[in-house]
Amino acid sequence: MRWLRTLVALVAAVLGGIAAQRAYRGLARFEISEASMVPTLRPGDRVLTWERRPVRGDIVVFEHPNRPDFWMVKRVVGLPGEHVQIADGRVSVDGSRLDEPWTTDSTGPDASWHLGPDEAIVLGDARALSAGDSRQIGPLHMARLEHVVVARYWPDPTPVA
C-alpha cells in the first residue's frame, strides 16, 4: 500500500510541474526605459507581460521592426480590419472618435490607415514624447504584439490599465 501512495504522490508532483510550466510559459518581465507611456508607465518601472492576442487599450511590449533587440512599449488603438484616422488632434476608428481615457494629449500629425487582417496601430500615451509608434513605423503585425502588460511590479506593484 505504501508503494501506491508513493506512486500517487509522484504522479501528482509530475502533473503539478507540467501545469506550472505551462502557466508560466507566457510570462515575461521588462523594464521601461522610455517616457512614451507617462503617466501610466515611467522609465524605471518594471512590468510583467503575458503572451496573448491584445485588444484595444492593451499596453504591449514589442521589438522594433527595424532595430533588433530594441524593445518598445505602446498602447493598441487600432485592430485588424479597421480604418484608423488621426485628424484635428483626435483618433477615430471606423469613423467614430476613440475614447482615450489614458491620454489628454493631442495626437498628430494627421494620418490614415486601412488595416489588413493581421495589422494593428499602436501609440504612446504621452503623444508628444512617443517616438517609434505607428505614426513613424506604420501598422504592426499582430504577431509582434504578443507581450501584453498585465502588472507593474516595481516600484509600485499595481495592475496596469
Q: Among the residues of segment 99-136, count how many are touching a Ser or Thr at 6+ places or on another chain (Cβ under 7 Å) and free of Cβ contacts under 8 Å to residues at least 40 places away in the same chain.
A: 1
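Check every one of the strands (runs of 3 or more DSSP E) wholly within segment 22-82 and list those with 1 or more residues that are in contact with a helix residue (DSSP H, G or I) (Cβ under 9 Å, 6 or more places away or on another chain).
Numbers: elements: 27-31, 46-51, 59-63, 71-78.
In segment 22-82, the matching strands (runs of 3 or more DSSP E) lie at 59-63, 71-78.
From Ser106, Ser130, which residue is crowded, with 17+ Cβ neighbours inside 10 Å, polar (S, T, N, Q) and closer than 24 Å to Thr40 by Cα? Quick ask: steps written out before the conclusion?
Values: Ser106 fails: crowded, with 17+ Cβ neighbours inside 10 Å.
Only one candidate qualifies: Ser130.
Could you check segment 72-91 and list, in sequence order, the residues that are at negative phi and surrounded by fewer than 17 Cβ atoms within 10 Å (Cβ to Cβ)?
As a first pass, look at segment 72-91 and keep what is at negative phi: 72-80, 82-87, 90-91.
Those that are at negative phi and surrounded by fewer than 17 Cβ atoms within 10 Å (Cβ to Cβ): Pro80, His83, Ala87, Arg90.
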Q | Residue check for Glu146: among the acidic types (Asp, Glu) and surrounded by fewer than 20 Cβ atoms within 10 Å (Cβ to Cβ) | A | yes
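Of the residues Gly116, Gly95, which single one is modelled with pLDDT of 95 or more, of a type outside the set (D, E, K, R) and over 30 Å from Ala28 (Cβ atoms)?
Working: Gly116 fails: over 30 Å from Ala28 (Cβ atoms).
Step by step, each of Gly116, Gly95 is checked, and only Gly95 is modelled with pLDDT of 95 or more, of a type outside the set (D, E, K, R) and over 30 Å from Ala28 (Cβ atoms).
State whether the residues of segment 7-24 include one that is of a type in the set (Gly, Ala, Ser), modelled with pLDDT under 95 and closer than 26 Å to Pro101 by Cα. Show your work before the answer.
Residues of segment 7-24 that are of a type in the set (Gly, Ala, Ser), as a first pass: 9, 12-13, 16-17, 19-20, 23.
Okay, now just the ones that are also modelled with pLDDT under 95, so 9, 12-13, 16-17, 19-20, 23.
Checking the rest, the ones that are also closer than 26 Å to Pro101 by Cα come to none.
Within segment 7-24, none of the residues are of a type in the set (Gly, Ala, Ser), modelled with pLDDT under 95 and closer than 26 Å to Pro101 by Cα.
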Q) Just one of the numbered conditions (1) in contact with a helix residue (DSSP H, G or I) (Cβ under 8 Å, 6 or more places away or on another chain); (2) on the phi > 0 side of the Ramachandran plot is not true of Pro109; which one? A) (2)
Q) So which residues in segment 115-151 are charged (D, E, K, R) and within 12 Å of the chain's Cα centre (by Cα), if there are any at all? A) Arg144, Glu146
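The values are calculated or read from the model by the stated rules, or taken from the named source; none is laboratory data. These numbers were taken from a predicted model, which means no experiment stands behind them. Here the Cβ is made from the backbone with ideal geometry for all residues, glycine too, and neighbour counts use every protein chain on show.
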